Ligand SMILES: Cc1cc2nc3c(=O)[nH]c(=O)nc-3n(C[C@H](O)[C@H](O)[C@H](O)COP(=O)(O)OP(=O)(O)OC[C@H]3O[C@@H](n4cnc5c(N)ncnc54)[C@H](O)[C@@H]3O)c2cc1C
């Protein structure tokens, strides 16, 4: 990707060097479904990323971040996303990244002291708990079954959450629950006796920082200060959080798919079959071309959203369209890359099969493709109906 400014171009070069010389050499299949091992490697990498001036690209400068525009961030996050280790090392990985933005936007001064600054400093990790098992909230957040009831000067929370990324080893969770006044976000310390991570779910993606936890909240008492923002506004905050969060996922995961393609291209350039290099076969050339077309279109859609965000425009429709297209296009890229590499592409001996596993889940989280399509379709048809009756 061409960097949008001189500063972003310089930073991208530093990120590429960091990824090639520090992050990729530390990638290890031993990290698969082992959040503790992953945390250990991230703790080793963070001081290196910080010393290289790459820490917190998403935060404003007054909070120790790089103060980049969205369009500059797009270039940087794609470079970082080539390795699953780099965004965590630069402290711009989900779910800490969107949690920092939520705390910055809606947190009280006291909440910022206790949660935001240690999070930004990399001293602690966090998670965001919205999804519940049946019959609770999944695609439809209005199905929330976890409740918070006022008790004295605080609240008592009861409920069940699952697939909560980052939960293993987190210091706190932002939890979305139902109250009499409507959905509300609470900050809950994981050492609260009523908050229990009952298991780590082995999802198909191999490298989630802090894994994916299943959580039981049982008579979990929190003080009134634990409310994040206003009571009853939790869903609005979740929506505000999701739009930039899913765009950042597009940026990082584009780097991952681009790396899978680089590896596949290197493979077909040197591997022979029936007397010629695979790269000379037109069917292979077509797969390479289709991957580049998917990546180019993904970048353009992502950059358009980034430009709109920098201009303060709404991206509600654009991020939904971009998320659907990019998540599906990146899956096509990684799938073709694995295909081009034959058996090696199916194995953990090369990162491509692991990248494919990582990317598959992106078609589900941050809104499944079908959910976005049905919402977008309804929205466009409503607009068309209102303009034809005007
Ligand atoms: C790797 C991973 C990480 C995750 N991390 C988190 C996290 O950190 N915090 C958190 O709270 N949650 C997290 N989730 C959960 C994720 O947000 C939910 O999986 C997602 O919202 C879908 O909910 P569900 O799984 O209950 O699917 P369901 O709501 O049961 O939907 C199942 C399928 O039905 C279809 N569908 C559903 N609704 C519609 C519709 N309206 N129109 C058309 N088709 C529809 C879709 O194909 C969908 O995939 C994560 C999930 C994964 C896989």
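Some points to look at:
- Cα gyration tensor shape of the stretch 60-205, rounded if a/c is under 1.5, else prolate or oblate by comparing a/b with b/c: prolate
- In the chain, helical runs assigned H by DSSP with n ≥ 4 each contribute -39500 (n - 2.57); averaged across all residues and rounded to the nearest 500, the mean residue ellipticity at 222 nm is -16000 deg cm²/dmol.
- A Gaussian network model of the chain, with springs between Cα atoms under 10 Å, assigns the largest mean-square fluctuation among 272, 249, 372 to 272.
- Residue-span extension gain [residue 20 to residue 296] - 0.36 nm each, minus C-alpha spacing: 97.1 nm
- Distance from the stretch 93-169 to the stretch 340-373 (C-alpha centre basis), Å: 27
- Highest average packing first - 309-317, 251-259, 73-81, 97-105, Cβ atoms within 10 Å: 73-81, 251-259, 97-105, 309-317
- Panel order for 151, 327, by other beta carbons found within 10 Å of each beta carbon, from fewest to most: 151, 327.
- Going by neighbour counts of Cβ atoms within 10 Å, the residues 18, 362 line up, fewest first, as 362, 18.
- Value of D in µm² per second that Stokes-Einstein yields for the stretch 82-128, Kirkwood Rh from Cα pairs, at 10 °C (1.306 mPa s): 146
- Residues residue 314 and residue 104, FRET efficiency given R0 of 22 Å [Cβ-Cβ distance, rounded to 0.05]: 0.60
- Within the stretch 126-232, percent of DSSP bridges classed antiparallel, to nearest 5: 85
- Distance between the stretch 258-318 and the stretch 195-249 - C-alpha centres, whole angstrom: 32
- Under a Gaussian network description of the chain, with springs only between Cα atoms under 10 Å, the residue in 170, 337, 89 that fluctuates furthest is 170.
- Most mobile listed residue (284, 177, 188) in the chain, GNM with C-alpha springs under 10 Å: 284
- Projected onto their three principal axes, the Cα atoms of the chain cover extents of 79, 61, 42 Å, largest first.
- Cα-based shape type of the stretch 235-389, given that a ≥ b ≥ c are square roots of the gyration tensor eigenvalues and the cut on a/c is 1.5: prolate
- Least to most buried among 322, 147, 389, 179 (fewest other Cβ within 10 Å first): 389, 147, 179, 322
- Within the stretch 126-232, the ratio Rg/Rh, alpha carbon atoms throughout and Rh by Kirkwood, equals 0.96.
- Compared with the alpha-carbon gap, the fully stretched path from residue 381 to residue 153 is longer by 77.4 nm at 0.36 nm per residue.
- Estimated translational diffusion coefficient (Stokes-Einstein, Kirkwood radius over Cα pairs, 4 °C, 1.567 mPa s) of the stretch 6-93: 100 µm² per second.
Since every read-out is calculated from the coordinates, none of them should be taken as a lab result. The structure presented is a predicted model; accordingly, all values stated were derived computationally and were not measured. When we count neighbours, we look across all protein chains shown, and the Cβ atoms used for this are built from the backbone with ideal geometry, even at glycine.
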